[in-house]
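Q: For reference, the structure I am asking about is given below.
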Amino acid sequence: MTIMRSLSPESPSTTSPHPSYMDDEPTQQPRDAKLITALLRGMGVEEFDPKVVHQLLEFTHRMSILFSNIYIINIYICLFSCFYSVLFFSI
């Protein structure tokens, strides 16, 4: 997996209604893949292996599952602590 960063800074075209890194995106990509491609191009990464996009998609998916599970666990902890405090400290 290689990511190559441009050494010469290039300014985006001022005549185009949208940034130049959006011009050469494949139209058959899913929306999330297009966003990751746009993020990479916006950071100045001009050439990258297509596997990089897939790897970043998988990473974001796994992190979203992890954070949603952490959120659910925190809700249960909060409910248990509230129930515990009402049950034992209201006497």
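The values are calculated or read from the model by the stated rules, or taken from the named source; none is laboratory data. The shown structure was predicted, so the numbers you read here are calculated from the model rather than taken from an experiment. Backbone-built Cβ (ideal geometry, glycine too); neighbour counts: all protein chains shown.
Q: Quick check on my filter: what residues within the stretch 36-53 are in a helix (DSSP H, G or I) and of a type in the set (A, V, I, L, M, F, W, C)?
A: 36, 38, 39, 40, 52, 53
Q: Hey, could you check the stretch 10-31 for residues that are of a type outside the set (S, T, N, Q), modelled with pLDDT under 90 and not in a loop (DSSP other than H, G, I, E, B) and say which is surrounded by the most Cβ atoms within 10 Å (Cβ to Cβ)?
A: 21
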